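*Asks:* One structure, as structure tokens, below. Some questions next.
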Amino acid sequence: MSRREIPEINAGSMADIAFLLLIFFLVTTTMDTDTGLIRKLPPPIDEPVEDQDKVKQRNIFEILVNANDQLLVEGEYMQVTELREKAKVFIKSEPGNESMPEFKETEIPQLGVVPVSKQIISLQNDNGTSYEMYIKVQNELVAAYNELRNEFAQQKFGKPYTELVQKSGSSELIKEKMKAVKKFYPQRISEAEPKKVGGAE
């Protein structure tokens, strides 16, 4: 009785099939990627900041962050949760108060000639300052400007600044109102290069 031979399987196309499967999985598979910090870089300052050596000390709001993530604001230790309100008082200022920033008569469309504070916020971090604290301080300072702009826009134009920003593409009038608010409260945050400001051995 003769044994029946088993036909060989043609494996010539297996390499092609494996290659096609590999391409399929590479194209359809999503891979986790590091997204980094969920925060935009600080926006550019609205107006150029003068050399601090030429600026009067009363116009500068000094913030130092040491290597232990401690805040020294105007020479006093402060919690980051208190920074926003303190910054708002400085940014808003009071005309005639010699301990607060000076004012400059400025012509602003929609508002006419109005006194605008010469305030500058000076931020100095230590080389050992954590990224988390850096972001917290930046957020509080930007929030201080935004809250003052919202209050001012609501008072002058009946709408908060954030609403004007959202509708900025709808008309030239809204853009003019936005510019007016930004010119009245220009965001001036001067950030020095990190150096050793103390706090860690």
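Coordinate-derived values only; no laboratory data. Bear in mind that the values here come from a model prediction, so they are computed numbers and not experimental data. Positions of Cβ are backbone-derived with ideal geometry, glycine not excepted, and every protein chain shown enters the neighbour counts.
*Asks:* If we count every other residue with Cβ under 15 angstrom of G96's Cβ, Lys/Arg +1 and Asp/Glu -1, where does the sum land?
*Replies:* Charge balance near G96 sits at 0.
*Asks:* For the pairs K118/K167; K104/K177; K118/K177; K136/K175; K88/K156; K88/K136, flag any whose C-alpha to C-alpha distance is greater than 27 Å.
*Replies:* Checking Cα-Cα distances, K118/K167; K136/K175 exceed 27 Å.
*Asks:* Can you sort T81, T129, T30 from fewest to most other Cβ atoms within 10 Å of each residue's own Cβ?
*Replies:* In order of increasing Cβ crowding within 10 Å: T30, T81, T129.
*Asks:* Further question: Which of the peptides 152-159, 63-70 is most tightly packed, and how do the rest follow, judged by the mean count of other Cβ atoms within 10 Å per residue?
*Replies:* Details: 152-159: 15.0, 63-70: 19.4.
Going from most to least packed, we get 63-70, 152-159.
*Asks:* Kirkwood Rh over alpha-carbon pairs of the range 57-191, then Stokes-Einstein at 37 °C and 0.692 mPa s: what D in µm² s⁻¹, rounded to an integer?
*Replies:* 207
*Asks:* Please report the antiparallel percentage of the DSSP beta bridges confined to the range 57-191, to the nearest 5.
*Replies:* In the range 57-191, approximately 55 percent of DSSP beta bridges are antiparallel ones.
*Asks:* While we're on this one: Provide the net charge surrounding G75, with neighbours chosen by a C-beta distance below 14 Å and charges set as Lys +1, Arg +1, Asp -1, Glu -1. Show your work: numbers first, answer last.
*Replies:* Working: positive: R58, K86; negative: E62, E74, E76.
Around G75, the surrounding residues sum to -1.
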